[in-house]
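Peer 1: Could you have a look at this structure, given as structure tokens, before my questions?
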Amino acid sequence: MRLLLLPFSPRYVLLTIALAGTAAVAALIWQDPQGLPYLALPLAFFGFFAVLGLRDLSQRQHAILRNYPIAAHLRFILENIRPEMRQYFFESDKEGAPFPRDKRAIVYQRAKKVLDKRPFGTQYDVYRNEYEWLHHSIAPAPVAKEPFRTLIGGRDCRALYSASVFNISAMSFGSLSANAIRALNRGAKLGAFAHDTGEGGYSTHHKKFGGDLIWEIGTGYFGCRDPEGRFSPDIFREVAATPQIKMIEIKLSQGAKPGLGGILPAPKVTREIARVRGVPRGKDCLSPVRHSAFSTPIGLLQFIVELRSLSGGKPVGFKMCVGHPWEFMAIVKAMLETGIAPDFIVIDGSEGGTGAAPLEFLDHVGMPLRDGLAFVHSTLTGAGLRDRIKLGASGKITSAFDMARVMALGADWCNAARGFMFAVGCIQAQTCHTGRCPTGVATQDKSRQRAIVVSDKAVRVASFHRETVKALAELIAAAGLNHPSELRPHHFMRRAAPDRVVTFAEQYRFLQPGELLAGTDDAHMSRAWRLAQAHTFAAASDGATADIPIAAE
């Protein structure tokens, strides 16, 4: 009896209805063939769902479809539209991820030059743990009229670069569409700020409008490699001589996937991308996990010297997401031993995310920006090298407060990737890795990327930059300061507990100039310094310090 009733159970009733409907309509047509024109649509309707249900019942891939034929497809439909439903109907202005609605909104409003003010007070609970604020002054300073800039280039440079304090972070042509790259670069030209090429190479789309470029060199040496994938000094010299390229950045790691290489699948390696990257068309394009041009800290510094010479004396530095603390300290020891220093270092936080990566890497690998930046700034200061090297910071920076906060921890300038993607039109659909970006920003599908009108989006990019730097000037003036370089950790407060607030100076331990060399009493920094070796990235043998957590004091 139970078996006979099974077709009428909730699990199978839709399939039963579809089969019964198909049979009934077919019987009517068989009895009166002239009724076919009127019954064709019902037959197709019931027949489609009957075939779908029988297929669900017999397929072996999805267990839920075998138990709930037809009905279970509703689950997959709801799962596909879940991000949109949550973003548009359920998330609050402050709780969305990766970027909450109010962060996206402020970018859109500043890019479009519409009202960006908020009524009726903050929506934050200012008494919750982790709430942060900036101290203001009773005697504010005048708001700066000229955009803030910082001069990058050490004593070995012949072509120093005056950079804006807010620039476009590394995003490659290939991950972004041609129109997105053109809009970003034209915006950088209009706003007089820099555009990082990403490791995908210097393309004609970067070149078209002449905006200042930071050329990023990754482990694949795209755009400056020989047929075997090794670094080519001759090709590099030719490209680096381009006046539009202002600085050279060696990518050691990135926040989205530190310690992980990358692959651009063969179908995505178009003729144009193959030409830009210097790789064979139609074959997988690999980014190795490590550089082949050097393998030691001293080797890295010698590579910097080579690139600086080949580029005609342009500033050369490197980008990294901090991992093992002794590895960065090994680079610092190599600087002290050789006398060679990079012109700049960009610290990329693990919260960075324009590169698609496995969940484990996105969520749990790499040091967050503020912790990594404070560590690098403190290490360079403790080694007496901070004055020779400028620091950039990148990782979920979209507002003037985001900028001021990291500049108080040691950054000389900030980079933003997703913020400028929002300015171009990104809606955080999170389909970047599929090639089906709904706004044409992160896709190579020409029919999709036509959605980006370069002339319009370039103006929005420049406007977002201008309005954000203007907001920074207002914040700096409110604190009684004249330039972001005057920001210090004690200017910011953080609620550590309901009954306790601390300054950033209390949250993070900052070494004094030369303290590492003289011998610091900071146990974490001291142990990591002992493990660092200038001739290798490996830790020195020290059984007493096998596990060294580096954490804020």
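The values are calculated or read from the model by the stated rules, or taken from the named source; none is laboratory data. Just so we're clear, the structure is a prediction, and the values are computed from it rather than from any experiment. Glycine gets a Cβ as well: all are built from the backbone with ideal geometry, and neighbour counts include every protein chain shown. To get the accessible areas, we keep the full protein, side chains included, count just its heavy atoms, and leave off ligands, DNA and RNA. Shrake-Rupley method; radii C 1.70, N 1.55, O 1.52, S 1.80 Å.
Peer 1: Residues in region 497-527 that are open to solvent by less than 50 Å² (accessible area, probe 1.4 Å) and out of contact with any His (no Cβ under 8 Å at 6 or more places or on another chain): how many?
Peer 2: 14
Peer 1: Identify, by number, the condition in (1) among the basic types (K, R); (2) open to solvent by 40 Å² or more (accessible area, probe 1.4 Å); (3) in contact (Cβ under 8 Å) with a residue 24 or more places away in the chain; (4) farther than 24 Å from D348 by Cβ that R494 doesn't meet.
Peer 2: R494 satisfies every listed condition except (4).
Peer 1: In region 224-279, what residues are basic (K, R) and over 24 Å from the mean Cα position of the chain (by Cα)?
Peer 2: R225, R230, R237, R271, R275
Peer 1: Which residue, of I214, I273, is part of a strand (DSSP E or B), buried (at least 21 other Cβ atoms within 10 Å of the Cβ) and either among the β-branched types (V, I, T) or without any contact (Cβ under 8 Å) to a residue 60 or more places away in the chain (or both)?
Peer 2: I214
Peer 1: For region 178-186, does any single residue satisfy the condition of being open to solvent by 10 Å² or more (accessible area, probe 1.4 Å), touching a residue at least 40 places away in the same chain (Cβ under 8 Å) and touching a strand residue (DSSP E or B) at 6+ places or on another chain (Cβ under 9 Å)?
Peer 2: Checked against the condition, which is being open to solvent by 10 Å² or more (accessible area, probe 1.4 Å), touching a residue at least 40 places away in the same chain (Cβ under 8 Å) and touching a strand residue (DSSP E or B) at 6+ places or on another chain (Cβ under 9 Å), region 178-186 yields no hits at all.
Peer 1: Also, I was wondering about something else. Out of G384, G312, G352, report the one residue that is surrounded by 24 or more Cβ atoms within 10 Å (Cβ to Cβ), assigned to a loop (DSSP other than H, G, I, E, B) and touching a residue at least 60 places away in the same chain (Cβ under 8 Å).
Peer 2: G352
Peer 1: Another question, if that's okay. Could you grab me the full set of residues in region 231-252 that are open to solvent by 10 Å² or more (accessible area, probe 1.4 Å) and farther than 14 Å from Y161 by Cα?
Peer 2: F231, S232, P233, D234, I235, R237, E238, V239, A241, T242, K251, L252
Peer 1: Here is a further query. Which members of region 24-68 meet the condition of being farther than 13 Å from L14 by Cβ and not in a helix (DSSP H, G or I)?
Peer 2: Matches in region 24-68: D32, Q59, R60, Q61, H62.
Peer 1: Here's a follow-up. What residue, of V459, V469, is touching a residue at least 40 places away in the same chain (Cβ under 8 Å), part of a helix (DSSP H, G or I), open to solvent by less than 20 Å² (accessible area, probe 1.4 Å) and under 19 Å from L190 (Cα atoms)?
Peer 2: Testing whether each residue is touching a residue at least 40 places away in the same chain (Cβ under 8 Å), part of a helix (DSSP H, G or I), open to solvent by less than 20 Å² (accessible area, probe 1.4 Å) and under 19 Å from L190 (Cα atoms) leaves just V469.
Peer 1: Pairs under 6 Å by beta carbon, first residue part of a strand (DSSP E or B) in region 516-534, partner buried (at least 16 other Cβ atoms within 10 Å of the Cβ), six or more apart or different chains?
Peer 2: Pairs found: Q533/A330.
Peer 1: Hey, G339 hits all of (1) at pLDDT 95 or above; (2) within 21 Å of G410 (Cβ to Cβ) but one; which does it fall short on?
Peer 2: Against the list (1) at pLDDT 95 or above; (2) within 21 Å of G410 (Cβ to Cβ), G339 comes up short only on (2).
Peer 1: So, in region 87-125, exactly how many residues are aromatic (F, W, Y) and open to solvent by less than 70 Å² (accessible area, probe 1.4 Å)?
Peer 2: So the answer is 2.
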